């Protein structure tokens, strides 16, 4: 992917981000399609990494635990907190991120 194509991809992904209440994502969580992204990472960059199929880079994030399927305990905590999460879809996944306050 060229630099300009990469920039266009990031712009497109950035425009598709939105804030959603965790409660509205429970159905997708139940199907195992929701991935949590650590708050110290750039959500758009992680989504671009997935969309661009940079598997080795993504695997590193998985191995370090910076990206992982949302756990039951995390889901429960977000539900109790009525959390609002930054989200973006990279089919078939929904990436979510709790922003640092």
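The values are calculated or read from the model by the stated rules, or taken from the named source; none is laboratory data. Quick caveat, the model's predicted, so the values are computed rather than measured. No Cβ is skipped: glycine too gets one built from the backbone with ideal geometry, and neighbour counts run over all protein chains shown.
Given the conditions (1) more than 27 Å from residue 1 (Cβ to Cβ); (2) modelled with pLDDT of 95 or more; (3) under 15 Å from the mean Cα position of the chain (by Cα), report the number of the one that residue 100 does not fulfil.
Going through the list (1) more than 27 Å from residue 1 (Cβ to Cβ); (2) modelled with pLDDT of 95 or more; (3) under 15 Å from the mean Cα position of the chain (by Cα), residue 100 breaks only (2).
Scan segment 43-61 for residues that are touching a strand residue (DSSP E or B) at 6+ places or on another chain (Cβ under 7 Å) and over 19 Å from residue 9 (Cα atoms) and jot them down.
61
Given the conditions (1) closer than 26 Å to residue 1 by Cβ; (2) outside any helix (DSSP H, G or I); (3) at pLDDT 95 or above, which single one is not true for residue 19?
(1)
Looking for whichever is in a helix (DSSP H, G or I), over 12 Å from residue 96 (Cβ atoms) and in contact (Cβ under 8 Å) with a residue 40 or more places away in the chain here; the options are 25, 61, 79. Which one fits?
Going through 25, 61, 79 in turn, the sole match is 79.
Any idea which residue in segment 42-58 is surrounded by the fewest Cβ atoms within 10 Å (Cβ to Cβ), counting only those that are out of contact with any helix residue (DSSP H, G or I) (no Cβ under 7 Å at 6 or more places or on another chain), without any contact (Cβ under 8 Å) to a residue 40 or more places away in the chain and not in a loop (DSSP other than H, G, I, E, B)?
The qualifying residue surrounded by the fewest Cβ atoms within 10 Å (Cβ to Cβ) is 56.
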